[in-house]
Amino acid sequence: MQGLWTIYRRELAGLFLSPLAWILLTIALFAHGYIFIFYLVSVTGRDLRAAMQLALAGDVFWWFMLLLPPLLTMRMISEEARSGVLEFLLTAPATDVAVVLGKLAAATTFMGLLWSSVLLYGGAAHLLGVRPDWIPAISGVFGATLVSCLFSSIGLVASALSSTPILAAFAAVVMNFLVIVLPSLDALLKLPAGHWAKVALGHASVVSQYQSSFGIGVLDTKHLVFFAAWIAFFVFVATRLLEKRRWS
Amino acid sequence: MITVRGLTRRFGAVTAVEALDFQLEKGEVVGFLGPNGAGKTTTMRILAGYLPATEGVAVVAGFDVLRQSMEVRKRIGYLPESVPLYAELRVEEMLEFQGRLHGLSRAERRQRIPRVLERAGIADRSRSIIGQLSRGQRQRVGIAVALLPDPQVLILDEPTSGLDPLQRLEIRKLLTELAREHTVLLSSHILPEIEAVCPRVIILSHGRIAADGSKDALLHKLGGGSYVRVEAVVGPDAAGAARLLGAIKGAGAVRDRGRLGIHHVFEVPCVEDLREDVGALAASKKWALRELSWRKPTLEQLFARIALDLPLETPEDGASAPAAASAAPSGAVTLQVDAQLRAAPASAPAAAPSSFRPLNPFEAAAPSAPAPGEKSAEKPAAPRVVYNLNPFDQGASRDLSRPKAIDDAPRAE
């Protein structure tokens, strides 16, 4: 893809040249580390394996997912549209998809960096003589990065929709929330067992798809396809929205 | 190098450009001229592949802008009006980014980046963060970025806006240099610039091409009306003197502008400079000459007329009654207000005879220009005011009967 790598590098540099990324990273790492200790000491009764699993799948993990990707991606398109840099990018020899994918990859890399901190906790425990269960931890980090990629793609859609970063972040949080609670429609509609919609909603649950696979160290193409399809859908929407700017 | 046929772009109900037709040969430098909202930026955006056209075809460097966008984008350097640059990057990092986007190898980048920085005159700031540069410096960085891939076609949207006169002069010099190697399309509403850099001018007005050609050809075709002005003591027989002047080879129908004191004023329309012939005639007839000058319409006046939708081929509208002319600075196009209202009724829809509408050429382009303040309508019997029609003379709506020099709108008091 023409220009993707160049745009990815620029975006990543842009993220780390702005204070926002460092602030987010600091706060998230601090909070995440604290939560991990909390899980380890108070919740799981000093069970390292369970604590690491919780750190990558518990409630707090989903709160991070809800809030962090939107904050990362909110400026990516909206701010560039406002400052006019988008006009530069869209007249440079790079396709619209490459622009979106480059930005998505940068946000995903950042989130991956954040989640890989869990491996640090494992490493620290290892040094202290407790052997962590590495396989679910690594697959958990990979899965968490994949889920972050999905939420970042939603964030990019929101960023392409609005030309105000804060509004884009808010819209992204709302959309992320809707994606997470989508399966609850089932309970709301009181669908009979075996109804096609009930089955479909059961399959559409991001949380259970994640927790039944990467979270416990199971890699299955089924789950990979599930996330890839959702990401592709939102990348498609974001690309179309970018293209729409040319027409209006 | 650039071929445009029937190019139309609509934004909803608004038509930004309509049925544009023009062609740029390789190595040509063409200036886009027009008041704000005439469609300059829209046309350039279409050519750069940012906006798709609603109708029509645009071919740049042999590739269709819409269908072979990537090929076109590789071959053009486009500098939008807003000079988009990443504020958090350093100058050289921005150029690195542009080089990578265009697929330049590391060696090419290393060789070209210092060169374009040098050309754009910003080499000393290559390590500066773009966000900390001044407007003029950013403009130069923008030009360097556009130049980096060594494009066949350069499209520069108002490359000198926001610069001080000195910087403008330097950019103008740079543009003249660039013209030797690239096909350049640039837009501006600063006339002297276009006149200095571009041999060919395309004047846009209301999304249409109002004029296209070399400056001289434009003046000849549209402006017409160059004349020799004679002020001399010719005795009682003015009509006879006018006949004699009209008999000079190349002279048109002589206009008698009446007496100014003991002197008589004539205007001898001509295509070429007839001052010597007129001078010789005056010497042989022993007329005492006070003024002998050749008046040509300038591109500015032409542009103002186009922008104001005034008829183009009326040489008379450049002149007015002698009394009025004496109140205005010489050489300026002067018109009396009511004459102006008659000539351009469309541009003054609701103006009461006593309330003035500023003769701002840029306002004619905006359909919903605000009406002049109501208070001025209450003021009874306003004086007959002479307006300076030269829009580039800071206050286009300047009331010359008052001492204040700069005033955007008629004051309400």
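General observations
- The helices (runs of 4 or more DSSP H) falling completely within the range B:9-105 that include 1 or more residues that are in contact (Cβ under 8 Å) with a residue 60 or more places away in the chain map to B:40-48, B:69-75.
- Screening the candidates B:Ile171, B:Ile143 for the property of being closer than 17 Å to B:Arg115 by Cβ and assigned to a helix (DSSP H, G or I) yields one hit, B:Ile143.
- Positions within the range B:236-269 being free of Cβ contacts under 8 Å to residues at least 40 places away in the same chain and on the phi > 0 side of the Ramachandran plot, in sequence order: B:Gly250, B:Gly261
- Pair list, Cβ under 7 Å, 6 or more apart: the range B:116-135 residue assigned to a helix (DSSP H, G or I), other residue of a type in the set (S, T, N, Q): B:Leu117/B:Ser126; B:Arg125/B:Gln137
- The sole residue among B:Arg119, B:Arg127, B:Arg110, B:Arg106 that is farther than 19 Å from A:Phe88 by Cβ and in contact with a strand residue (DSSP E or B) (Cβ under 8 Å, 6 or more places away or on another chain) is B:Arg127.
- Filter pass, A:Trp5 being within 14 Å of chain B (Cβ to nearest Cβ), more than 17 Å from B:Ala87 (Cα to Cα), under 22 Å from the mean Cα position of the chain (by Cα) and touching a residue at least 40 places away in the same chain (Cβ under 8 Å): yes
- Complete set of residues in the range B:8-46 that are more than 14 Å from chain A (Cβ to nearest Cβ), at negative phi and among the aliphatic types (A, V, I, L, M): B:Val17, B:Leu20, B:Leu24, B:Val29, B:Val30, B:Leu33, B:Ala38
- Any hit, the range A:54-67, residues being closer than 30 Å to B:Leu47 by Cβ and of a type in the set (D, E, K, R): no
- Tabulated pairs, the range A:73-100, first facing another protein chain (nearest Cβ under 10 Å) and at positive phi, second of a type in the set (Ser, Thr, Tyr) and outside any helix (DSSP H, G or I), C-beta under 7 angstrom, 6+ apart or interchain: A:Gly84/B:Ser82
- Failed condition for A:Arg10, given (1) part of a helix (DSSP H, G or I); (2) more than 10 Å from chain B (Cβ to nearest Cβ); (3) over 17 Å from A:Ser148 (Cα atoms): (2)
- Flag for B:Gly225 being small (Gly, Ala, Ser), modelled with pLDDT of 85 or more and crowded, with 21+ Cβ neighbours inside 10 Å: no
Conditions (1) under 25 Å from A:Ile23 (Cβ atoms); (2) polar (S, T, N, Q), marked per residue:
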| position | (1), (2) |
| --- | --- |
| A:Thr91 | no, yes |
| A:Leu104 | yes, no |
| A:Gly112 | yes, no |
| A:Ser152 | yes, yes |
| A:Ala160 | yes, no |
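- Any hit, the range B:183-192, residues being without any contact (Cβ under 8 Å) to a residue 12 or more places away in the chain and in a helix (DSSP H, G or I): yes
- The set of residues in the range B:139-156 being free of Cβ contacts under 8 Å to residues at least 60 places away in the same chain and either over 20 Å from B:Val184 (Cα atoms) or among the polar types (S, T, N, Q) (or both) consists of B:Gln139 alone.
- Which listed residue is more than 14 Å from chain B (Cβ to nearest Cβ) and assigned to a helix (DSSP H, G or I), from A:Leu20, A:Leu24: A:Leu24
- Sole residue being at pLDDT 85 or above, assigned by TED's automatic domain parsing to the domain that holds B:Leu101 and under 17 Å from the mean Cα position of the chain (by Cα), chosen from B:Leu117, B:Leu156: B:Leu156
The values are calculated or read from the model by the stated rules, or taken from the named source; none is laboratory data. Note that this is a predicted model, so its numbers are computed, not measured. Note that each Cβ is placed from the backbone with ideal geometry, even for glycine, and that neighbours are counted across all protein chains shown.
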